[in-house]
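Heads up, the thing below is written out as structure tokens.
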Amino acid sequence: MENQPIIEIRGLDKIYKTKNAEVQALRDINLTIDKGEIYGIIGLSGAGKSTLVRCMNFLERPTAGHVFVDGVDLGTLNTRELGKARQNIGMIFQQFNLMMQRTVEKNICFPMEIAGVDKASQKKRVDELLEIVDLSDKRDVYPSQLSGGQKQRVAIARALATSPSVLLCDEATSALDPKTTRAILTLLKDINRKLGITIVIITHEMSVIEEVCSQVAIIDNSQIAESGRVAEIFAHPKTASAQRLVNPEGNKIDFGGRPGKSIRIVFDGNSSYEPVIGSMVLHCKAPVNIMFADTKNIEGRAYGQMIIQLPEDESTAGKMLEYLSGQNVSVEEVSADD
Ligand SMILES: Nc1ncnc2c1ncn2[C@@H]1O[C@H](COP(=O)(O)OP(=O)(O)OP(=O)(O)O)[C@@H](O)[C@H]1O
Ligand SMILES: [Mg+2]
């Protein structure tokens, strides 16, 4: 199970052709998602996230490149084979996409009806699924009688009906309040852990990535800017788009006109920053300006980052950098245009 790819995307381009124009929604995407991961894809509106996730089950056909699911190149399948392959890939959406004229049970049955599952097996599977999403008492109600969070639970049950090995989630919590968001994310984590389903989460919110994902790809302007372990990207964002996402407040700091270098210090979770900064200030006998501080919990470990402005005096600033290099923290210079 370790590091076995389930989704591989190679050289994928997607160009939408409209009457008067062409839009390049994705450009040379290469991505590997391993079995059992919760993989996040984050980016700004219009970056190409939905297009990418819809290419993963060929709801959109790539203009160029390949999508392999479980080693099978989706581009080589005929319509019937593609339908079969899609039973292995569940999907949920921001707007739930339930059928309003069908009860909860009938919504969940829908993909099984298409797959030709017999009635008795459908009923049995609905029992199991309602248990998983904790909605056993809502079997016979209509979607209009449910809250947003409950609707998304029905959509999750429906997506799991054909026992897929992948669940794609396109902004699945974006229409929900923070508390409901957390409950849905916890459910997705449970599903990943208990059923071993690989989950792909599309979002524009860093907090969603932090809360549930182990891996993340940042998509910016139709391309992957950076990808890797969430903890690694959080601690060492390399590209400007990663830095913007990891540290949006830090980005708004007004450096205007202030002399002296500013540095970002990242604490790996074992250390806490107050004692380090405190002893540095004592050691170097000069104050620093703390411009931003934040702690995040990623995969159960606390990560802290702080942006401080060093004294204008270069020899004191140098002494501080030297002091920090002897501590268990990572330090990098930041500038106003980061
Ligand atoms: N069916 C379509 N026809 C033409 N252009 C499209 C189509 N779907 C998406 N696009 C364009 O492709 C680009 C990427 O869109 P996409 O929906 O993938 O972005 P997104 O990252 O999901 O954005 P959001 O966060 O707003 O959902 C945008 O410029 C969009 O206008
Ligand atoms: Mg989208």
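Structure summary
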item	result
Any chance K194 is touching a Gly at 6+ places or on another chain (Cβ under 9 Å) and surrounded by fewer than 19 Cβ atoms within 10 Å (Cβ to Cβ)	no
Single residue of R80, R54, R102, R86 found to be within 16 Å of ligand 1 (Cβ to nearest atom) and of a type in the set (D, E, K, R)	R54
Test result for A47, open to solvent by less than 60 Å² (accessible area, probe 1.4 Å), assigned to a loop (DSSP other than H, G, I, E, B) and within 16 Å of ligand 2 (Cβ to nearest atom)	yes
Near pairs, Cβ below 9 angstrom, 6+ apart or cross-chain, from the range 219-235 (basic (K, R)) to any residue that is outside any strand (DSSP E or B)	R229/S214; R229/E299
Number of positions in the range 50-66 that are open to solvent by less than 30 Å² (accessible area, probe 1.4 Å), within 23 Å of H204 (Cβ to Cβ) and free of Cβ contacts under 8 Å to residues at least 60 places away in the same chain	3
Residue in the range 23-38 that is at pLDDT 95 or above and touching a His at 6+ places or on another chain (Cβ under 6 Å) present	no
Subset of the range 142-190 that is of a type in the set (S, T, Y) and not in a helix (DSSP H, G or I) - its residue that is nearest to E105 (Cα to Cα)	Y142
Scan of the range 5-44 for residues that are within 16 Å of ligand 2 (Cβ to nearest atom), of a type in the set (A, V, I, L, M) and part of a strand (DSSP E or B), ordered by number	V23, A25, L26, I29, I41, I42
Out of I114, I89, sole residue that is of a type in the set (A, V, I, L, M) and at pLDDT below 95	I114
The range 160-185, residues that are under 19 Å from R54 (Cα atoms), away from ligand 2 (no atom under 16 Å from the Cβ) and touching a helix residue (DSSP H, G or I) at 6+ places or on another chain (Cβ under 8 Å)	L160, T162, L167
Test: residue in the range 67-78 that is of a type in the set (A, V, I, L, M), within 16 Å of ligand 2 (Cβ to nearest atom), in contact (Cβ under 8 Å) with a residue 40 or more places away in the chain and open to solvent by less than 40 Å² (accessible area, probe 1.4 Å)	no
Considering residues of the range 288-297 that are closer than 15 Å to K261 by Cβ and free of Cβ contacts under 8 Å to residues at least 40 places away in the same chain only, the residue least open to solvent (accessible area, probe 1.4 Å)	V288
Odd one out for S50, checked against (1) under 20 Å from the mean Cα position of the chain (by Cα); (2) at positive phi; (3) among the small types (G, A, S)	(2)
Only one of V117, V208, V200, V126 that is crowded, with 16+ Cβ neighbours inside 10 Å, of a type outside the set (S, T, Y) and part of a loop (DSSP other than H, G, I, E, B)	V117
Boolean, I33 is surrounded by 21 or more Cβ atoms within 10 Å (Cβ to Cβ) and within 12 Å of ligand 1 (Cβ to nearest atom)	no
Positions within the range 215-225 being open to solvent by 20 Å² or more (accessible area, probe 1.4 Å) and either more than 24 Å from D70 (Cα to Cα) or polar (S, T, N, Q) (or both), in sequence order	Q215, D220, N221, Q223, A225
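The values are calculated or read from the model by the stated rules, or taken from the named source; none is laboratory data. All figures in this text were calculated on a predicted structure; none of them were measured in a lab. Because the Cβ atoms are built from the backbone with ideal geometry, glycine has one as well, and the counts that use them run over all protein chains shown. Just the protein is used for accessible areas: all its heavy atoms, side chains included, with ligands, DNA and RNA removed. Shrake-Rupley method; radii C 1.70, N 1.55, O 1.52, S 1.80 Å.
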